[in-house]
1. What does the highest-first list of B:337-350, B:288-301, B:143-156 look like by mean Cβ count within 10 Å?
2. Going by alpha carbons, how many degrees (0 to 90, nearest 10) lie between the helix axis of A:43-53 and the longest principal axis of chain A?
3. Suppose R0 equals 25 Å. What FRET efficiency, 1/(1 + (r/R0)^6) with r the Cβ-Cβ distance, do B:E220 and B:E253 give to the nearest 0.05?
4. Taking amide hydrogens as modeled 1.01 Å from N in the peptide plane, which residues meet the under 5 Å criterion relative to B:R330, leaving out close sequence neighbours?
5. Just name one of B:I177, B:L193, B:L156: the one whose Cα is farthest towards the positive end of the charge dipole of region B:146-204 (beta-carbon charges, Lys/Arg +1, Asp/Glu -1).
6. When the Cα centres of region B:325-351 and region B:179-218 are compared, how far apart do they sit, in Å?
7. By how many degrees, between 0 and 90 and to the nearest 10, does the Cα long axis of helix A:58-74 differ from the longest principal axis of chain A?
8. What does the highest-first list of B:177-183, B:24-30, B:84-90, B:223-229 look like by mean Cβ count within 10 Å?
Amino acid sequence: MTIRKNIAISDEGFLFNPTTGDSFSTNGIGAEIVLLMKKNILLSEVVDTMCNKYDVDKTLFERDLEEFMLQLKDYSILE
Amino acid sequence: MSKDIKHKIVIAVTGLNAIDSPGPGVAVIRAIRECPDFEVRIIGLSYESLEPGLYMHDLVDKTYQIPYPTAGTDALMGRIQYIHEKENLELIIPNFDAELFNFMKLRDALKKMGIATFMPDLDQFEARDKMKLFEFGKKHDFCVPKDKIIHEFRELAQLEKDFEYPMVIKGKFYDAIIANSMEQVEKAFYKILSKWGLPIIVQEFIKGTEINIAALGDGEGNAISVIPMRKLYITDKGKAWAGITLDDESFIELAQKFIKATKWRGGCELEVMLSYDGKPYIMEVNPRFPAWIYLTAAAGQNQPASLVKMAFGQKVEPFTEYEVGKIFVRYAWDLITDIREFQKISGNGEL
């Protein structure tokens, strides 16, 4: 699953889907994840990057990320 | 032949009402006035004394009342001749569905008087009519909802054989009511009958996301401009109170296909329902600019100004880009005028 190419995201976490006209807000961590995913890297690399940067349990992060991915899919942010 | 438009051109525009279900006239004028390529004198053509555009003197230089469409082409022509003598009109842009037929009938006569128009032909106009939309879709391979034209009350009883609830009950010009039972169908029938007369259209209800597309055709099959918009805020009449331009090539291709199939001349609005399985159903084709047309100018494709250029014989190249994520938010404004102004338009039919 990758982020749709035309999804726009600001540093503040405001996401805009120009295909549907929908817009969403996410927090700083969510924005960081989306920005990482826009670089077309593997999800495992997103996990490694975030776990190296923040003091977070890897299993817990992976679970939260999975939930976040489901939300992004629901909102047609992923393809 | 291309006509010189370096002088201040005189353009008459209808549709100056700007209520909660506004006419497109004020937006059309705003877009035309913003074009740096020509200067204009705008003549408003109104039906009623309280159309807000009449009193917007920074947009409309002078207004004349014209007869209602039901008065027919002779009455309209008589009035246009009077206005033309005073104003030397060069172009008329009609913006109401109900008046288009009369203006189309008068196209040649207007041309002889030196007044240009840029509208679809009667054949094009009638092919996309609500009452023929299903046939039109079948002929040109567009997704359109199934429909039935109702001429009398007793036909309603047969509907349940062909349609599932909810059904959409529509007037021949405006209005649509969603009905979830036969009782609601009957109620909607009478409500629309009293307002718009017969026939009434019953249409299959398509669930999905509503997208509106403003398009401009050159009459030779080329789409000069296509701007898709999604309504972000809808009034209780289903009109857009806010909307955003979209980036979706499939809508642009749909409008291009429509314009190519019809060789559409002028502005139009495709009302599209994108079903949950991704099919774009054409729900309706409005044969004129929509009220939100100023958004096309704001997004970089000034459709009304391009129409003016084409009406004067200029070749306009199709636009290729526009700004995605451009938003309009409509607002209501209490325009203050004076009894003397009201008296002028009510008593003399001019302001």
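What follows is calculated from the coordinates using simple rules that are stated; it is not laboratory data. Owing to the predicted nature of the structure, the values given are computational and were not obtained by experimental measurement. Here Cβ is always computed from backbone atoms with ideal geometry, including for glycine, and neighbour counts include all displayed protein chains.
1. Details: B:337-350: 13.1, B:288-301: 24.1, B:143-156: 15.6.
Averaged packing, sorted descending, gives the order B:288-301, B:143-156, B:337-350.
2. 60 degrees
3. Calculated value: 0.85.
4. Hits under the 5 Å cutoff: B:A242.
5. Going by the charge dipole, the pick is B:L193.
6. Each part's Cα centre sits 30 Å from the other's.
7. Computed tilt is about 10 degrees.
8. Numbers: B:177-183: 14.1, B:24-30: 27.0, B:84-90: 16.3, B:223-229: 25.0.
Ranking, from highest mean packing down: B:24-30, B:223-229, B:84-90, B:177-183.
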